[in-house]
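Single-structure report; data block below.
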Protein chains: 2
Amino acid sequence: MARYSLGLDFGTNSVRALLVDVANGKETATAVDGYRRGTQGVILSHDPNLARQHPADYIDGTERVIRKVLSQARRAKKGFRPEQIVGIGVDTTGSTPLPVDHRGIPLAFDRRFARDPAALAWLWKDHTAVAEAAEITSLAREIHPEYLAKCGGTYSSEWYFSKVLHCLRAAPQVFDAAHLWVEIADWIPATLTGTQAPDQLKVGVCAAGHKAMYNDLWGGYPEAEFLGRLDPKLAGLRSRLPARAETVDSAAGGLTADWSRRTGLPAGVPVAVGAFDAHLGAIGAGVAPGILVKIIGTSTCDITVAPVDRPLADVPGLCGIVPGSVLPGFYGLEAGQSAVGDIFNWFVNYVQPGGKKAGSHEALSAQAAKVRPGASGLLALDWNNGNRTILVDQRLTGLLLGQTLYTTPAEIYRALIEATAFGALTIINRFEEYGVAIREVVNCGGIAEKSPLVMQIYADVIGRPMKISRSSQTCALGAAVAGAVAAGRDAGGHADFDAAQKAMTGLKPKDYRPDPQAHRIYGDIYALYRKLHDGFGPPQGVCGNVMKDLLALRAHSRRDVI
Amino acid sequence: MARYSLGLDFGTNSVRALLVDVANGKETATAVDGYRRGTQGVILSHDPNLARQHPADYIDGTERVIRKVLSQARRAKKGFRPEQIVGIGVDTTGSTPLPVDHRGIPLAFDRRFARDPAALAWLWKDHTAVAEAAEITSLAREIHPEYLAKCGGTYSSEWYFSKVLHCLRAAPQVFDAAHLWVEIADWIPATLTGTQAPDQLKVGVCAAGHKAMYNDLWGGYPEAEFLGRLDPKLAGLRSRLPARAETVDSAAGGLTADWSRRTGLPAGVPVAVGAFDAHLGAIGAGVAPGILVKIIGTSTCDITVAPVDRPLADVPGLCGIVPGSVLPGFYGLEAGQSAVGDIFNWFVNYVQPGGKKAGSHEALSAQAAKVRPGASGLLALDWNNGNRTILVDQRLTGLLLGQTLYTTPAEIYRALIEATAFGALTIINRFEEYGVAIREVVNCGGIAEKSPLVMQIYADVIGRPMKISRSSQTCALGAAVAGAVAAGRDAGGHADFDAAQKAMTGLKPKDYRPDPQAHRIYGDIYALYRKLHDGFGPPQGVCGNVMKDLLALRAHSRRDVI
């Protein structure tokens, strides 16, 4: 009898369910359910930095999407029974913290806060806490630089403590009413298993380690004294946070009878501790030491792992270095590019070269494929949305050079693709400079699956084969893998991630191999890219002021208008 | 009774005639006649560097265009008689040398060379002589650096001796049959006045000084020994060149009876010594000490004058510094930008932002006019076609930086305009650094007349009022001014250029004044422009290799294909 694991993938606009055969990774059924509140699930305001989510969307969405996927499974697989499901895994966006009361119930469900956006979940892309992020970075730099060394040197406005501190300052009524702030990656599994009360709550090391400066090296979350310097009330919150965080092989608990009734799943099925989408996505793509998983979308998330039993330097410029955040027993190493697909989309949608038809991704790709490496004379920097790794600076901007009077849109389009490839290579080089070898690259996401041009350029620039994840739902698949491991072998799941990944994940047959001649040419161009990268990127670069000065002038000019 | 002067302006594709009232500059009649041979007058071959012209086009075109303009004048002005025309002036493209026999007859009219492109006029944009230009530059740098100091430090493939030497090497049959090589600026007035025989030929100092290293400082053309080192036969040619060159106030002679019969003009009317279009254009726009004339088209020609009786340094990076080449008694100083309108045309025609309608010059200008200085955060270099002044390097390329994910085509369009303004300011600053004050700027050409946006940005960036020439045919008008001066006051013309310019040239009522706030902002941006200019432009700049290395890779990559 086949056994299944269910992956639940909570995205920005919808939740996806994926039912996977634990023996071979076959994706038996899938369903998606869009959030109903706000704008496709995102609650906005007059402040363009604000982005929130109502936890009711997670509850309702979970119920609906599980019903859908089960009915889909019954149609797809004759004789399918929900009892064949042995485990459940959950991945979510993050950092998306949610204020809850002393029972673990979101304040958003409390009538007093029904209209207070501060009581909602603070979505990953909420940027209201820029000032608090700067304050936290500054204090950590002064008294606890080790906190920053594990997260790229700068604490982000998108992260847990920035948001909590901003709420403390901007909406104290919510902060004061909150017993705890819980990442939805933790709150959803806790809710499904009835363990959301603070004394039972299990938190995952993925969210805690990457977004809340949690590390066993300094005893978990940042020390109370540090948080107290930001605000004494934060020290109080610290005392209510769990003492330790768990890896995704452990279960948050078993599915409650109530959730069994609501969804049709058997009660007691183990639900794995939650983690972020990209991290479980890396697992679903087969991440392992020496393998870099690139999740390529509007931006990229680049994830690899390194054994915890060997020394590892603090790799500068990485977004995060957290033991156990991806696979138990390994450092989870996270890097990324602030824009990839978004740069191509900018060129197609904003510049609209050649008009709508001639300027489509398809048409430009077809022409760009005919341009040989080096033949355009163009070189670009991939910084239209800043640089996440290795410069960790959102205030950098794009650059294109080499234009003549005959430069075509397809040549520019190709140069933009090449720029993102050079950015990707810079990340890989940084890993290797610090002893983390990258033997192969597994790509996932729409661009990886749909653009042979991008993948071939990546292979030629990076000089390694570009492989493509077999699943196009690696995040949900990774969640299902975690569900199978949380279930354990005896219950029909897997003993560990190694076994589960071997059985459940894989690659597409087609991969992209570097052309040696193209790689040689790109080597020469990459040297020029690095010259521009190092000249314009760091403040001490020879042109390190140019982009910043222009942004300052821009801010000044726009202020004049208002 | 009104007196007229006739300006004949020989362009790349056509000849224009302009009949001007010498008392007030009123343009009474004008006519254009397109060349009939080749592609709009330009004879091409499989070699993309080759561009020639048949001298018959000049002869036939002159005859037709004069008949047209006279008939036009009769219609426009009741009682008009050709006898009211007191002088003729001629401007042409250049350097456009033409091989002629011992009577001054073009070899192209000799049956033996009827099919030999080397016997045609070598049009200014013919680039077949790149190797010879490098050879001449190299030899001059070694033994006569003063030759180069007057022409921007590099002898161009577009210029007289490069072309002659290339013919000597590539088509010796033509070189050997040629008694002399004559610029068409000299050959056309000589032909109209029957003075084309070498012993009667007068050559203008404009062509000789700017393109053939002629300077009274070293006794005229380059010394025979120098030319002999390039090839002994060039030393022979040197001995047949006129001993001295003339300024445009002197007459080449009087119109022949034959040309009188062919055109209807009175025989004997004085024809001024010829000069290049931009130089007579500057005169037509009112050039004087302290006034820079910018002839803005696909590229620009920037011309000013400085008194010869005061010391003048060799201003580095200028295209030419030649006594008497514009106005008698003044140094003619020539600078320029390799592309201005061509950069805007590239963006509109090649990149085609927003499709054909949204991406027209008109639509982009309307939107770009709403973007405040500094508000786009963009900065560009105006080098899509290299940099003529002050870097004198055709192998530089364009650069755009500051792009975000929201940058619009109108913002880019404005940044490209601003880049050409920064390039224009760099030229003006160079003049002033070497003691040539530029008090005001007079602009001419289609862009100056039609684009208030460009003119306002130029005023704001350059910090000086932008004035517009009253005439939209400044080259032909300048030729008419020269004709009036060659005629002299007693014959109904003018005593000198000062009097003639005062009477015949002028400005449009509308000028563009700098906005102080915009000028301040552009001052900050210009500092960043100079940082990029000095970083990417000169070989010793911190990024001085980047564009060249990319071009080398491009050449390599394209060679691979062939």
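For the protein assembly as shown, DSSP calls about 70 percent of its internal beta bridges antiparallel.
Peptide B:538-547 is shielded by partner chain Cβ atoms: per residue, an average of 3 of them sit within 10 Å of its Cβ.
Only Cα pairs under 8 Å and 6+ residues apart enter the sum, and on that basis the relative contact order of segment A:1-95 stands at 36 percent.
7 Å from Cα along Cα→Cβ at both residue A:495 and residue B:24: what's the point-to-point distance in nm? It is 10.7 nm. The tail of the calculated P(r) for segment B:217-294, taken as Cα-Cα distances beyond 19 Å, holds 63 percent of the pairs. Only Cα pairs under 8 Å and 6+ residues apart enter the sum, and on that basis the relative contact order of segment A:4-276 stands at 19 percent. The same position residue B:125 in the other copies lies at 4.7 nm from this copy, comparing label points 7 Å beyond Cα toward the beta-carbon, shortest first. How many percent of DSSP beta bridges within chain B run antiparallel, rounded to 5? Beta bridges within chain B, antiparallel portion: roughly 70 percent.
Close amide-amide hydrogen proximity is noted between residue B:387 and B:393, B:394, B:395, B:396, each under 5 Å apart and 5 or more residues distant or on a separate chain (H modeled in the peptide plane; Pro and chain starts excluded).
I'd like the distance between the alpha-carbon centres of segment A:62-119 and segment B:363-412, rounded to an integer number of Å. Between the Cα centre of segment A:62-119 and that of segment B:363-412, the gap is 50 Å.
So for chain B, averaging the separation of alpha carbon pairs under 8 Å that are six or more residues apart and normalising by length, what relative contact order in percent results? Reported as a whole number, the value is 16 percent.
Sites listed here are trypsin sites (Lys or Arg not before Pro) in segment B:339-401 whose DSSP assignment is loop and whose Cβ has at most 14 other Cβ atoms within 10 Å: B:370, B:395. Considering only protein heavy atoms and a probe of 1.4 Å, how much of the accessible area of segment B:4-276 is carbon and sulfur, as a whole percent? For segment B:4-276, the apolar C and S fraction of the accessible surface comes to 51 percent.
Of the chymotrypsin sites (Phe, Trp or Tyr not before Pro) found in segment B:382-449, the ones in coil according to DSSP and having at most 13 other Cβ atoms within 10 Å of their Cβ are B:406.
Rolling a 1.4 Å probe across the protein heavy atoms gives segment B:489-555 an accessible surface of 49 Å² per residue.
Mean per-residue shielding of peptide A:342-351 is 4, counting Cβ atoms of other chains within 10 Å of each Cβ. Accessible surface buried at the B:A interface totals approximately 4700 Å², computed with a 1.4 Å probe on protein heavy atoms.
Computed from the C-beta positions of residue A:74 and residue A:134 and an R0 of 35 Å, the FRET efficiency is 0.10 to the nearest 0.05. Distances from residue A:310 to itself in the other copies, using label points 7 Å out along the Cα-Cβ axis, amount to 7.5 nm in increasing order.
For residue A:40, inter-copy separations between label points set 7 Å beyond Cα along the Cβ vector come to 4.8 nm, shortest first. Protein heavy-atom accessible surface, 1.4 Å probe, per residue over segment B:4-276: 37 Å².
If you take the square roots of the eigenvalues of the alpha-carbon gyration tensor of chain A and sort them as a ≥ b ≥ c, do you get rounded (a/c under 1.5), prolate (a/b over b/c) or oblate? Oblate is the answer for chain A, as a/c is 1.5 or above yet b/c matches or exceeds a/b.
Look at the stretch B:402-414: the mean tally of other chain Cβ atoms within 10 Å of its residues' Cβ atoms is 6. Only lysine pairs 8 or more places apart or on separate chains count here, and in segment B:462-562 those with Cα atoms under 30 Å apart total 6. The chymotrypsin sites (Phe, Trp or Tyr not before Pro) of segment A:123-174 include none that meets both criteria, a DSSP state outside H, G, I, E and B (loop) and at most 12 other C-beta atoms within 10 angstrom of the site's C-beta.
Most tightly packed first, judged by the mean number of other beta-carbon atoms within 10 Å of their residues, the peptides A:551-559, B:214-222 read B:214-222, A:551-559.
Within the accessible surface of segment B:285-391, defined with a 1.4 Å probe on protein heavy atoms only, the carbon and sulfur portion equals 54 percent. Need one number: the % of Cα-Cα pairs in the protein assembly as shown sitting beyond the 63 Å mark. Roughly 26 percent, once rounded to a whole number. Note on residue A:109 and residue B:511: their simple-model spin labels are 7.6 nm apart, each label 7 Å out from Cα toward Cβ.
The values are calculated or read from the model by the stated rules, or taken from the named source; none is laboratory data. Source: prediction; values computed, not measured. Positions of Cβ are backbone-derived with ideal geometry, glycine not excepted, and every protein chain shown enters the neighbour counts. Accessible surface is based on the protein model in full, side chains and every heavy atom, while ligands, DNA and RNA are left aside. Shrake-Rupley method; radii C 1.70, N 1.55, O 1.52, S 1.80 Å.
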